[in-house]
Amino acid sequence: MNSLWRRLFRRPLAWGSLVVLVILYLAMSLCEFLAPYDPNHLFEGHSDLPPNLIWYSPQEGLGPQVQTVALVNGVTREYVRVRGEYTPVKFFVPTDPVKLWGVIPLPFHLFGTDYGRDPAGKAQPVFVMGTDNLGRDVFSRILYGSRISLTIGFVGVFISLGLALIFGGLAGYYGGIWDWIIMRLCEFIILIPGLYLILFLRSILSDHMDTGQSYMLITVILSFVGWPGTARMIRGMVHAVKRQDFVSNAQLESMPSLVILFRHIVPQMSSILILSVTLGVPGFILGETALSYLGLGIVDPAVSWGSMINRDATSVSNLLSFPWLFAPGIFLVIVTLAFNFLGELLRDWADPNWKETA
Amino acid sequence: MSTVLSVEDLRVTFVSQKPPVQAVRGVSFHLETGECLGIVGESGSGKSVTAWASAGLLGADALREGKIVLEGQDWAELNPEQRRSLRGTRVAMIFQEPSRSFDPIVTLEKTFWETLRVHRPETTREEARTRATALLNEVHIADAESRLGSFPHQFSGGMLQRVMIALALANDPQVLLCDEPTTALDVTIQAQILALLNELRRRRGLSMVFISHDLETVAQVADRILVFYGGLILEEAPTDVLLSRPRQPYTRGLWDSRVKRGSHYSTTPLTLIGGSPPDPQRPEPGCPFAPRCPRSQDRCQTELPPLEGAVGRRHRCWFPLEEP
Amino acid sequence: MNELLEVTNLTKSFQLHAGLFAQADQRVYALGGVDLTLRTGETYGLVGESGSGKTTLARTLVQLEAHERGTIRYLSSDGSAWEVRRGDRRNLERYRQEVRYVFQDPSSSLDPRMTVGDLLTIGARQRTRGKDRAGLVARAREGLDHVGLRASDWDRRPSEFSGGQRQRIALARALVTRPRLLICDEVVSALDVSVRGQILELLLDLKNRFGLSMVFIAHDLDVVAYMADRVGVLYGGRMMEEAPSRLLVEKPLHPYTKLLFDSAPGAGIRSRETSAQKLTPTRALTGCPFAPRCPLVIDRCRTEIPLPRAVGPQSGRLVACHRVEAE
């Protein structure tokens, strides 16, 4: 483990990736606190508003603040800035009641404005990344959306890796007829073009489901398509490890096969398994995005990065007029790259032939 | 007699690990024309690394100090091209695991052809065939001509070792470095290979360095023996002198701890060397054998004894065994 | 009955090619009907070169490989004798506690990711389903002490030990189940010369202390002759000669035994063989497996398999050779 840390510090890209991922997952877990607004709150008169956070004005001086805007063309969503009207952005503003993780009541959010509590009614809401066509805060939506997008990877990887471990492990360890049956099953699933299988599975299931159900469904579908490849890899490794003397030794000690498999054989592959987790996670995130993009994944009012991209960033004209709506896409790219860089590091680390150079 | 290979104060450190592995810590010896020099030592004693360095085969992670002169040419002063031409025509090496030294999908004929072409690019396939047949006959492989089309896996370990010897001799080197050539083989085959090496040495006038962990094996072929331990030479002597009148307690221990023919547990207890070999990553400040030595005193633990004595009969010990 | 282990006509062959297109008759005959008797408290030495079938024999004795024909009879600690078979799970489990196999290379027979403590106790922990944990740990720690390791080694991993110490761990692991018979398969071959003696001495010490019987396998005839009371010489899956250790050293009778003695580095005599090679039989034998290399070979050796028979006035010597006269 020590050498892993040393190696991590020597690779700025992997190190940076780790920092980015830690920040994103922290933000995800605290999204009720960090997001200034409810992801589905409609700000009337603020549809398709570009990011409005600024850092300086002659009136308020240096500091985060928002300039008031007025809609001049309702069709093209053209806004003009109102001179001299600024709303300061404050930290720890008391706002509408939200519960952190649905349990702990939060008296305030990290930041916000006096919008809605200003007696003069002049205060403006703050949109760090603008709003969508219904006037919802994109930043808040990205934070809430990460709840699905960032976890679906892990849940999916653990389901598919679990399946792969069980089936690949059994096939590799017992061999014979079990090996044959499991491997043919894997080949069968691999042979079906993945996208059609996903579409097929999704279509035979009800499309009137709540968020939780469709979330689970998508994860299961993606895992089901993803496990055979990993299972084949694991089977091959189990095959190699089980010929080692220490496995024979364990057999002589009359250990049950499952104990041998999971205490002796699987730990030998742990570094490869860590690697396949890090490389698998972005795959699932992209898979969810693809499904949501096709309209088969997460649908309003639930929010995920994929559904946001599907809603807002699917036409070129939309992107040209309202480029900030592509923000979830950028997050997606960052997360995918970060996992890949981290996975690369782990791959080198797991490679027994890779010697550390001074 | 003249010196074909001389090694002066060779130090090899592998810096890729931390702390660095001090594989060879200052070794000097020379090899006379026509002589067979035996090197005996356990794993980690630096014997193989010394041989690899002598053939100019060390990798980039090895830090090499000292001087290795082969027939008047210093390895350090040669460019890679010159080194390549020296290997094969002047010095050749055979290894412990012959099966790992061959490309499994290339026939013997092609292997020989490629080896011959390294030094004589104009060699034709026909010439290579004739030459290979002669070489295989020389190492007593029956049916040499018909076996040229075979692949390495079609040979047993002993046969493959013979082929490797033939291949090493292909460009008529004067010095043959043998790194544990018999260790992976069965006893009966070991004896055959030793006999073959002895025969080739006589016929070709080869100078040979023979490395093994087994003193008895080395004693069968070597004229003079170096005893390696902890990256240092502990003793050097002509074979019969070394076995009958060792001065270093380690040499004595090594010779006495072998299981003698006809001894039985019920009558003869084993003579033991206690403890375990030194860690090349953390060498002792004193004599490397001091922690295991029955004659060790305070001085041995703190001060490294020098290699004393005349050339050909040297020992490294503060309190050497008496000459009887 | 004094026989701890009685092996008769043990036969085992491996298919050369596996799969649908394998040629059915291409088989490697690893054991061609081996008889062997081990008395309680005795050390039986097995010597042979690679391919002689000595490791297959050892692995068959603990049923890591199932045998095809023949029987292995074991006299259990409670006085009952039973036949060792793969299918007989209950007895096999007990058998494998009383008969422990020690592997050649401790760096591969010990799981590199476990601590010494785990390695010593994991097998028994499974068997007893977690009961009597304290007793087990105490016994394992005692075992560490018996093999000359320190109590502080309990939490270290195999990679932190030298080869000799690793073999000590492997022996401590075998001792945990209080075995009656150790099967030592080339246990000193992977070790340095100066450490080899220590392990041999340890084996002798354990044998004395616990009254162990032992099957000691090696390719070095001198070492086997030193360790064993009786020695069997295997070649081509058949027993060539079996004799009390001293008798064998004093006067080897079988030509192959003689060759083995002559070839050992300690012999000082050079082998007269210049290029003979060992053959791996892929068909059932029709004659003596050593015939192609034997200096005394006659036609009969190629057509008739010599069977082991008693030779000499002292009982206990068996030789399988047509050319050795019964005295």
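The values are calculated or read from the model by the stated rules, or taken from the named source; none is laboratory data. Computed from a prediction, not measured in an experiment: that's the story for all the values here. Glycine gets a Cβ as well: all are built from the backbone with ideal geometry, and neighbour counts include every protein chain shown. Surface areas here come from the heavy atoms of the whole protein model, side chains and all, with no ligands, DNA or RNA. Shrake-Rupley method; radii C 1.70, N 1.55, O 1.52, S 1.80 Å.
Listing for the model above:
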quantity	calculated
Test: residue in region B:245-257 that is modelled with pLDDT under 90, open to solvent by 50 Å² or more (accessible area, probe 1.4 Å) and over 30 Å from C:Arg230 (Cα atoms)	no
Qualifying residues in region A:254-275 (those that are among the small types (Gly, Ala, Ser) and more than 9 Å from chain C (Cβ to nearest Cβ)) - the one nearest to A:Ala231 (Cα to Cα)	A:Ser271
Yes/no for B:Ile225 being aliphatic (A, V, I, L, M), touching a Cys at 6+ places or on another chain (Cβ under 9 Å) and either at pLDDT below 90 or within 22 Å of B:Gln174 (Cβ to Cβ) (or both)	no
Candidate set: region C:269-291, residues that are away from chain B (no Cβ under 12 Å) and open to solvent by 90 Å² or more (accessible area, probe 1.4 Å); chosen: the one modelled with the lowest pLDDT	C:Arg283
From the options A:Val266, A:Val277, A:Val333, residue that is over 27 Å from the mean Cα position of the chain (by Cα) and part of a helix (DSSP H, G or I)	A:Val266
Matching entry among A:Arg232, A:Arg202, A:Arg263, A:Arg243 (being of a type in the set (Lys, Arg) and at pLDDT below 80)	A:Arg202
Out of C:Arg173, C:Arg180, sole residue that is more than 10 Å from chain B (Cβ to nearest Cβ) and open to solvent by 20 Å² or more (accessible area, probe 1.4 Å)	C:Arg180
Considering residues of region C:104-120 that are in contact (Cβ under 8 Å) with a residue 60 or more places away in the chain and surrounded by 24 or more Cβ atoms within 10 Å (Cβ to Cβ) only, the residue farthest from the chain's Cα centre (by Cα)	C:Leu110
Sole residue being at pLDDT below 90 and more than 14 Å from chain A (Cβ to nearest Cβ), chosen from C:Ser194, C:Ser159	C:Ser194
All positions within region B:17-34 that are within 14 Å of chain A (Cβ to nearest Cβ) and open to solvent by less than 30 Å² (accessible area, probe 1.4 Å)	B:Val21
Cβ pairs under 9 Å, 6+ apart, first in region B:296-316 and under 30 Å from B:Leu31 (Cβ atoms) and at pLDDT 90 or above, second among the aliphatic types (A, V, I, L, M) and open to solvent by 30 Å² or more (accessible area, probe 1.4 Å)	B:Arg314/B:Leu307; B:His315/B:Leu307; B:Arg316/B:Leu304; B:Arg316/B:Leu307
Residue ID - nearest to the other protein chains (Cβ to nearest Cβ), chosen from residues in region B:133-151 that are small (Gly, Ala, Ser) and in contact (Cβ under 8 Å) with a residue 24 or more places away in the chain	B:Ser150
Residue within region A:206-227 that is modelled with pLDDT of 85 or more and under 16 Å from A:Gly162 (Cα atoms) present	yes
Residues (more than 11 Å from every other protein chain (Cβ to nearest Cβ), without any contact (Cβ under 8 Å) to a residue 40 or more places away in the chain, assigned to a helix (DSSP H, G or I) and not small (Gly, Ala, Ser)) located in region C:121-156	C:Arg133, C:Val137, C:Arg139, C:Arg141, C:Glu142, C:Leu144, C:Asp145, C:Asp153, C:Trp154
Region A:301-316, residues that are open to solvent by 40 Å² or more (accessible area, probe 1.4 Å) and touching a residue at least 24 places away in the same chain (Cβ under 8 Å)	A:Pro301, A:Arg311
Residue in region A:82-97 that is in a strand (DSSP E or B), charged (D, E, K, R), out of contact with any Ser or Thr (no Cβ under 9 Å at 6 or more places or on another chain) and in contact (Cβ under 8 Å) with a residue 40 or more places away in the chain present	yes
Among (1) open to solvent by 20 Å² or more (accessible area, probe 1.4 Å); (2) within 9 Å of chain C (Cβ to nearest Cβ); (3) over 18 Å from the mean Cα position of the chain (by Cα), the one test that B:His213 misses	(3)
Test: residue in region B:95-105 that is touching a residue at least 12 places away in the same chain (Cβ under 8 Å), closer than 28 Å to B:Pro246 by Cα and either part of a helix (DSSP H, G or I) or open to solvent by less than 10 Å² (accessible area, probe 1.4 Å) (or both)	no
Residue identified as closer than 30 Å to C:Val224 by Cβ and out of contact with any Ser or Thr (no Cβ under 9 Å at 6 or more places or on another chain) among B:Arg282, B:Arg313, B:Arg295, B:Arg261	B:Arg261
Only listed residue being in contact with a helix residue (DSSP H, G or I) (Cβ under 6 Å, 6 or more places away or on another chain), under 30 Å from C:Pro306 (Cα atoms) and hydrophobic (A, V, I, L, M, F, W, C), chosen from C:Leu36, C:Leu64	C:Leu64
Among residues of region B:231-275, those that are free of Cβ contacts under 8 Å to residues at least 24 places away in the same chain and more than 23 Å from C:Ser189 (Cα to Cα), counted	4
Every residue from region B:166-196 that is within 12 Å of chain C (Cβ to nearest Cβ) and not small (Gly, Ala, Ser)	B:Thr182, B:Thr183, B:Leu185, B:Asp186, B:Val187, B:Thr188, B:Ile189, B:Gln190, B:Gln192, B:Ile193, B:Leu194, B:Leu196
Pair list, Cβ under 9 Å, 6 or more apart: region A:280-296 residue closer than 18 Å to A:Ser160 by Cα and assigned by TED's automatic domain parsing to the domain that holds A:Phe158, other residue open to solvent by less than 40 Å² (accessible area, probe 1.4 Å) and of a type in the set (Lys, Arg)	A:Leu291/A:Arg202
Any chance A:Asp48 is assigned to a loop (DSSP other than H, G, I, E, B) and surrounded by fewer than 18 Cβ atoms within 10 Å (Cβ to Cβ)	no
Residue match in region B:260-283 (condition: at pLDDT 90 or above, open to solvent by less than 50 Å² (accessible area, probe 1.4 Å) and aliphatic (A, V, I, L, M))	no
Selected residue (only one of C:Asp35, C:Asp88 is modelled with pLDDT of 90 or more and surrounded by fewer than 21 Cβ atoms within 10 Å (Cβ to Cβ))	C:Asp35
From C:Tyr74, C:Tyr101, residue being assigned to a strand (DSSP E or B), surrounded by 19 or more Cβ atoms within 10 Å (Cβ to Cβ), within 14 Å of chain A (Cβ to nearest Cβ) and modelled with pLDDT of 90 or more	C:Tyr101
Which listed residue, of C:Arg100, C:Arg69, is under 17 Å from the mean Cα position of the chain (by Cα) and of a type in the set (D, E, K, R)	C:Arg100
